[in-house]
Amino acid sequence: MAIKRVGKWEEGEQNKDIFMKALKTTIPVFLGYIPLGMAFGFLLDGAGYHWCYAFLMSLFIYAGSGQFLAVVLLAAGAGLTEFVIATLLLNLRHAFYGLSLLEKFSDVGRFKPYLIFALTDETYALLTTTEVPSGASKSRFYFYIAALDHIYWITGSVLGAVLGSMLDLNLKGMSFVLTALFVVLTIEQYFSSETRFPFVVAVGAGVISLILFSPDNMLLASIILGTLILIGREKSIKGNVKVMKGIKKGHVLPMQPAQPVEENIVEES
């Protein structure tokens, strides 16, 4: 019994360390999600909805910009078809996020469904830039990051909806908080990454898409263009590696067959 208690105590201490590391990692998201969630809560309250709807939407939808869009569609009296199409187009970028996380999520066990559900732009940035602490459980560390970000968003949205029902505030400019937060996380990711090529491709694809398409459609177009460029480069690198291996194998001289022992004895005689 004593051994079991010691084992549980050590496991509890390790989980506490993992949680504290995840908590420190998510502080930038906390500073962004609280005011942005409050802005969503204010808007939802302004549309005439109770704060309970802010809680339920943030708990079960958890889509950030998708929730802001939902407020606009609700206020405009949009139907189910409009909701489905608009939300799909707005959040289609998450399909590309998911493809790049297939390897990271391959061995996260029972946490995988929630990690897929809770994948936001900011959570994606943290998962792709933060190293798992030495000796820690990767699945639990990722779960803590995603769950903490989710809690921040729920807290901000509910707080905003509650305060919105009591205060009269000017919300002009608050929607830019999410953009500013993502820019900060991108800069941090840039300096912590060993390669700069994906960032150059992202900027180039964004500029080209902005020139060729309207501002409303440039995000999806730039994601597709940037992904195609990166896939092409990856295939090119793999092709060059195979060619180099083939060249090296071609320069290796075949080993000369060893002469039989009896033949050597006869020659010496």
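The values are calculated or read from the model by the stated rules, or taken from the named source; none is laboratory data. Predicted model only: the values in this text are computed from it and were never measured. For neighbour counting, all protein chains shown are included, and Cβ atoms are generated from backbone atoms with ideal geometry for every residue, glycine included. With ligands, DNA and RNA removed, areas are computed over all heavy atoms of the protein, side chains included. Shrake-Rupley method; radii C 1.70, N 1.55, O 1.52, S 1.80 Å.
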- Query: For the stretch 108-134, what are the residues that are open to solvent by less than 20 Å² (accessible area, probe 1.4 Å) and not in a loop (DSSP other than H, G, I, E, B)?
  - Reply: L115, E122, T123, A125, L126, L127
- Report whether or not L185 is under 16 Å from S58 (Cα atoms), modelled with pLDDT under 85 and either exposed (fewer than 15 other Cβ atoms within 10 Å of the Cβ) or in contact with a helix residue (DSSP H, G or I) (Cβ under 9 Å, 6 or more places away or on another chain) (or both). no
- Message: Of the residues S137, S157, S100, only one is open to solvent by less than 70 Å² (accessible area, probe 1.4 Å) and at pLDDT 90 or above; which?
- Response: S157
- Message: Looking at the structure I just gave you, is A95 buried (at least 16 other Cβ atoms within 10 Å of the Cβ), of a type in the set (G, A, S) and at pLDDT below 90?
- Response: no
- Of V72, V29, which residue is assigned to a helix (DSSP H, G or I), of a type in the set (V, I, T) and exposed (fewer than 15 other Cβ atoms within 10 Å of the Cβ)? V72
- Message: Cβ-Cβ distance below 8 Å, separation of 6 or more or different chains: which pairs start in the stretch 88-115 with a residue that is within 17 Å of T128 (Cβ to Cβ) and of a type in the set (D, E, K, R) and end on one that is open to solvent by 60 Å² or more (accessible area, probe 1.4 Å) and assigned to a helix (DSSP H, G or I)?
- Response: R93/L219
- Of the numbered conditions (1) open to solvent by 50 Å² or more (accessible area, probe 1.4 Å); (2) modelled with pLDDT of 80 or more, S58 satisfies every one except a single condition; which is it? (1)
- Query: How about the stretch 75-87: which of its residues are more than 23 Å from the chain's Cα centre (by Cα), surrounded by fewer than 11 Cβ atoms within 10 Å (Cβ to Cβ) and either in contact (Cβ under 8 Å) with a residue 24 or more places away in the chain or not in a loop (DSSP other than H, G, I, E, B) (or both)?
  - Reply: A76, L80, T81
- When residues of the stretch 135-155 are limited to those that are over 13 Å from the mean Cα position of the chain (by Cα), outside any loop (DSSP other than H, G, I, E, B) and among the small types (G, A, S), the one nearest to W51 (Cα to Cα): A147
- Task: Those residues that are surrounded by 22 or more Cβ atoms within 10 Å (Cβ to Cβ) and within 13 Å of I154 (Cα to Cα), I need them from the stretch 43-55; list them, please.
- Result: A54
- Message: Condition (residue is modelled with pLDDT of 80 or more, over 18 Å from the mean Cα position of the chain (by Cα) and among the aromatic types (F, W, Y)) applied to the stretch 36-44: is it met by at least one residue?
- Response: yes
- Message: Report every pair of residues separated by at least 6 positions or lying on different chains whose Cβ atoms are under 7 Å apart, first residue within the stretch 132-145 and closer than 11 Å to G109 by Cα and in contact (Cβ under 8 Å) with a residue 60 or more places away in the chain, second open to solvent by 30 Å² or more (accessible area, probe 1.4 Å) and outside any loop (DSSP other than H, G, I, E, B).
- Response: R140/N15
